[in-house]
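A.B. asks: Below is the structure I would like to discuss, written out as structure tokens.
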Amino acid sequence: MRLEHRAGAVKGESDALLADRVMPRNDATIPIGAGVRIGHVHLKVADLERALAFYCGVLGFELTQRYGHAAAFISAGGYHHHIGLNTWESSGGSPPPAGTTGLYHLAILYPTRTELADALRRLQAAGVPLDGASDHGVSEALYLRDPDQNGIELYWDRPAEQWPRSGGGRLAMYTRSLDLNDLLSEPPADA
């Protein structure tokens, strides 16, 4: 069965019903508070210097370690690395063609709406185009591509008590257009 990550992928069926139909119930889920989380993503890039200029120079990550001319680790907030970049198998390469499997996007979580607005200002100043901007009810997100055409989502989460819920209390995420002018009305974090 083919499923798409888009609202309305199956006509006449809500996302919640679709999830119930295709996802078996799992009573062995990771317990809340277990401390399990995604630690980092490691990307193959064609040009390490170009990738560092984007991730550090535009998005604001810090270079924490470099491995010669072929690899580097970058982070936010002093962690050893959130993103690894390497050219071990991809130096001078091109992005995979459409219609192939692989990474859809990596998502970078900002702690506040103000910091997401600051990220948007940096993207605009660098001339980085957006692929999209969405309000998902639980979060607000910007979608773009890095120089190697890897998908990136920059987002912030609303407080959990503000997340949309169905009448039965289930999470009821949606996808609506995000008003970028409203986001940019947030004062800069350093103001």
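Every number in this text was worked out from the coordinates using simple rules, so none of it is lab data. The structure displayed is predicted, hence computed values, not measured ones. Here the Cβ is made from the backbone with ideal geometry for all residues, glycine too, and neighbour counts use every protein chain on show.
A.B. asks: If you check every pair at least six apart or on different chains, which have Cβ atoms under 7 Å apart with a residue in region 117-137 that is more than 15 Å from His105 (Cβ to Cβ) first and a residue that is of a type in the set (Phe, Trp, Tyr) and assigned to a loop (DSSP other than H, G, I, E, B) second?
C.D. replies: These pairs meet every condition: Gly137/Trp163; Gly137/Tyr174.
A.B. asks: Filter region 25-56 for residues that are of a type in the set (Gly, Ala, Ser) and under 19 Å from Gly77 (Cβ atoms); which is surrounded by the most Cβ atoms within 10 Å (Cβ to Cβ)?
C.D. replies: Residue satisfying both the conditions and the ranking: Gly39.
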